[in-house]
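Beneath this line is the structure, given in structure tokens, with notes to follow.
The values are calculated or read from the model by the stated rules, or taken from the named source; none is laboratory data. Computed from a predicted structure; not experimentally measured. Cβ sites come from the backbone with ideal geometry, for glycine too, and all protein chains shown count toward neighbours. All accessible areas refer to the heavy atoms of the entire protein, side chains included, with ligands and DNA or RNA removed. Shrake-Rupley method; radii C 1.70, N 1.55, O 1.52, S 1.80 Å.
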Amino acid sequence: MTAVLEICLFGGAEIRRGDTPISGFVSSKAPALLAYLSVTARPHQRDALAALLWGEMTDADAKNNLRQTLSNLRKLLEPYLLITRDAVQLDTAVPHSLDIAQFENHLHRARSAAPPARSAALQQAAALYRGDFLAGFYVRDAPEFEEWMLAQRARYRELALHTLHALAEHHLSRGEYGRAIDSATRLLALDAWREEAHRQLMIALARSGQRRAA
């Protein structure tokens with residue numbers, strides 16, 4: 001049986017097969033390419049991928065670097081990639097998990113769920129958000145990839161902030177002040193200037209008897 005490929009992109013980049021971390025990437029652009037294929041979840045033309053990660057090079061050098069990187073990924077990640085002469089994609093038919101996709105699935109469930117199930121889905125989403133998208137990850141001389149990465153980082157951070165805000169409100173409404181404090185504290189760790197989060201924290205502290213802290 002093929003071990004499940006686990007791709008975790010919140011808080012950095014961690015790629016495992018089963019319980020074993022995958023190493024031996026030829027450069028940081030190899031996991032960057034895997035992250036891009038995983039998040040976009042569709043085929044990409046080779047020329048577009050070469051421009052994404054090696055846009056500062058000549059076309060010939062960019063395509064050569066892409067070939068070397070794909071060869072490296074093929075060795076490390078067989079059979080998770082579908083690579084043809086023209087296009088590359090992650091093979092979603094092979095068992096794998098992606099924390100980004102799980103996070104969004106939980107949020108999607110929360111939108112249409114009744115209050116108890118909604119809270120559970122939000123809590124599951126919040127637990128997956130271990131830090132910013134590809135936090136601390138750097139790829140040299142790839143401005144197009146960096147622009148994409150920063151846009152994804154901002155998007156997921158905003159989703160996490162809304163999730164923690166909703167959880168804090170839910171716990172306040174149920175008198176679960178300890179949990180409300182935890183959610184508001186996590187929110188403020190991500191964005192210390194959110195006035196609404198300060199209000200939630202102050203209310204939770206006051207109602208739990210911690211008036212001096214409030």
Scan segment 98-108 and tell me whether some residue there is in a helix (DSSP H, G or I), open to solvent by 60 Å² or more (accessible area, probe 1.4 Å) and among the small types (Gly, Ala, Ser). no
Among what's in segment 49-83 and is in contact with a Phe, Trp or Tyr (Cβ under 6 Å, 6 or more places away or on another chain) and hydrophobic (A, V, I, L, M, F, W, C), pick the residue that is nearest to residue 25 (Cα to Cα). 53
Given (1) at pLDDT 95 or above; (2) touching a helix residue (DSSP H, G or I) at 6+ places or on another chain (Cβ under 9 Å); (3) of a type in the set (A, V, I, L, M), number of the condition residue 113 does not satisfy: (1)
Can you list the strands (runs of 3 or more DSSP E) found entirely within segment 1-91 that contain at least 3 residues being open to solvent by 40 Å² or more (accessible area, probe 1.4 Å)? 14-17
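Does residue 160 qualify as being at pLDDT 95 or above, among the aliphatic types (A, V, I, L, M) and open to solvent by 20 Å² or more (accessible area, probe 1.4 Å)?
Against the criterion (at pLDDT 95 or above, among the aliphatic types (A, V, I, L, M) and open to solvent by 20 Å² or more (accessible area, probe 1.4 Å)), residue 160 does not qualify.
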Going by the structure shown, is residue 153 of a type in the set (D, E, K, R), in a loop (DSSP other than H, G, I, E, B), within 29 Å of residue 31 (Cα to Cα) and under 21 Å from the mean Cα position of the chain (by Cα)? no
Residues of segment 136-147 being in contact (Cβ under 8 Å) with a residue 12 or more places away in the chain and open to solvent by 40 Å² or more (accessible area, probe 1.4 Å), which ones? 136, 138, 140, 141, 143, 144
Any hit, segment 98-115, residues being without any contact (Cβ under 8 Å) to a residue 40 or more places away in the chain, farther than 17 Å from residue 6 by Cβ and among the hydroxyl-bearing types (Ser, Thr, Tyr): yes
